[in-house]
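Student: This structure is in C-alpha cells; I'll ask about it shortly.
Values quoted throughout were computed directly from the atomic coordinates according to the rules given, and no laboratory measurement underlies them. In this text, all values refer to a predicted model and were calculated from it rather than measured experimentally. Neighbour counts run over all protein chains shown; Cβ positions are idealised from the backbone, glycine included.
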C-alpha cells in the first residue's frame, strides 16, 4: 500500500514510498482479514457533510417513536378501564387517542423517511465520486500491475455494500439501539417484572450477532475477491470478443467463466452456511423470550399483580424490544460485509500516486519544445532495468525516430517526457527545466500523444476530437480533422461529427480511429508530439493518408516517432536505434543505411521482404488472386514483426 508523505528519490523525484501490505489489486490477490471498525468509521465520514439531513431524520424518528410507544398505554386503558368497568367514555377517548397517535406518527415518519433517503443518496453520491477520483489518481505503475476486474468490483459492488450500510444499515443500527432504550423505559413503567424477564435473552442475542459478524467478515472478503476475479474475466472477454470468436474459443471461455462462477458460488455457500447456523439462533432467542413473558404474564395476572391490559400492552413493547435486538444482531452480520468492502475501497483510495507535482512546482509556460535526456535510467521493478544511461537532445521542431525490437524500451523512454513514470536516475528536461520541478498538469497540456492503439470513447466524434479541449467550437474540431485527413470520412457518416462511436471506437475502422486520434492530438496544439507507432495497424493506403497529415502536423513541433516502418523514419532529423534499453546506434536515415550496423540490417530485412511481396503479386493480374495473397503476405517492420498490408484492414 502506498501511504504517507513524499520523499525525494535518488533521482530527485518527489514521490511517495510504498509501505504496508497493500498494493495493486491482482486477480489472484489473497483476501485479507476483511476490514475493521476503523474502516467503517472512515466510511461514516461521508455522512458528516450531510449532518443537517441526518439530524432532521433522527429528530423526526425520536418524536415518532415516542408517539408510537404511547399507543399501548391507550390500549391498556381501553381494556382495563373502558372494557373492564364498561366505561364507554374512557373506551372512546382511548380509541380516538390511539388513532390520533398513529396518524401523527405516520405523518412524522414521512419526514424521517424523506430525510433518510436524502442523506443516503447524498452520501452515496459523494462515495462514488471519491472512488472515481481515486481511480483517476492511480499512477501508471499501479495500473500496470492491477487487475481491471478487481478495480471495477471495488468501484461497483463494494461501493454498493458501503452505500447500503450508510443508509439502511447505519439508520437501522442507530434506530434499533434508540428504539430499544426508549422502549425499555416505557416497558419498565408498565411492568418492571416483565421487563426484567424480557431483557434476559437480549445479551445472548447480541453475543450471537457479534459471533456472526466475526465469523463472516473474512468470508465476505473472500466472496468479494472472487466477485472481482469473475468481473475481470467478464471484462476481458467483452473486450476481446473478436479474438474469442475468431479462434472459435467460445466454449473454452465459457468453461473458464463457469469455473470462476463455481468458485464464487463455493465462497457464497460457505458464507451462507455460517449465516444459516447463527441467524436462526437470533430468531429463536427472541421467540423464547416472548414465550417466557406470556407465561409469566399469565401467572402475574392470576396472582393479581398485573392486569390483562398491562400484559396486552407489554406484548407491544415486547415486539419493540426484541425487534431491535434481532435487528442489531442481523446488522452486525451486515457490518461484516461493510467492513470487508470498506477495506477494499480504502486500500485503493489510500494509494498515493507515484508521480505528483512537487510542493511549489511552477507551471510550464511558453514551451519551445526542447527535450533533453541526461544519463537517464529507468526500471518498472527494482533490479530490472528498462532504460540504461540514455542521453539525447531534441531541439525545438526536430523529429526524433525511435527504432528497436519489442520490449527494447522505446515506449518507456517517451513515457518519461509527460511523466507517466519518473526516471530512476538522471534527468529529463523540457526547455531546460527538470520535468519533476514543473506543475504536472501544465507539463502534460503541452504534450500530445497518438498511441499505437487508438482509444476512442463511446461518445460523438466531435466530443472525442475535442477531448483535450472540450470548450472548442465545431470549426476548430473540423480544422483539426482536416489536418488529420479525417474530415472527409467523418462528413460521409450519417450524423457527421455527431456520430456516436461504440466502446473504444469499434464502429470505425483502424485507420479511421487512428486519424480521429491524430485530430484529437492536433486540436490541443501541442509543443511536443509523441507518435507511438501510429501507422502500424492500418493498410498502406490509409498509412499514406496519415503520412500526408503527419508532414504538416510535425512541422514546427518537437516530435518523437516510435516507428516500425521505414516510411515513418525517413523524415526524422535523428534516428535512435534502441536495444535492451540502450542507444546502440544513432544518426540520420541516409547515413545509417550506409553503415553495416543494426539499422542497416533491419532495413535490408524489411526491403527484401517488401520486394518479395511486390514480385509475388506482379506475377498475376487477377485481382482475386492478389486479394487472396495479400492477407497472408507480410511486410517486415523494424522490430521484425508483421505489419498490416492491403487486404488486411479496409479503410472505410
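Student: Classify region 372-585 as rounded, prolate or oblate from the Cα gyration tensor: take a ≥ b ≥ c as the square roots of its eigenvalues, call it rounded if a/c is under 1.5, otherwise prolate when a/b beats b/c and oblate if not.
Tutor: prolate
Student: If a/c stays under 1.5 just call it rounded; otherwise compare a/b with b/c (prolate if a/b is bigger, oblate if not). Do that for region 378-437, with a ≥ b ≥ c from the square roots of the Cα gyration tensor eigenvalues.
Tutor: oblate
Student: Cα gyration tensor of region 161-218, axes a ≥ b ≥ c as square roots of the eigenvalues: rounded (a/c below 1.5), prolate (a/b > b/c) or oblate?
Tutor: oblate
Student: Would you mind putting 572-580, 588-596 in packing order, based on average other-beta-carbon counts within 10 Å, highest first?
Tutor: 572-580, 588-596
Student: Taking other Cβ within 10 Å of each residue's Cβ, how do 460, 106 sort, fewest first?
Tutor: Sorted ascending by nearby Cβ count, the order is 106, 460.
Student: If each of residue 113 and residue 257 carries a label point 7 Å out from its Cα toward its Cβ, how far apart are those two points in nm?
Tutor: That separation, rounded to one decimal, is 3.9 nm.
Student: Can you sort 602, 356 by how many other beta carbons sit within 10 Å, fewest first?
Tutor: Ordered by Cβ neighbours within 10 Å, fewest first: 356, 602.
Student: With 10 angstrom as the radius, rank 364, 440 by how many other C-beta atoms surround their C-beta, starting from the fewest.
Tutor: 440, 364
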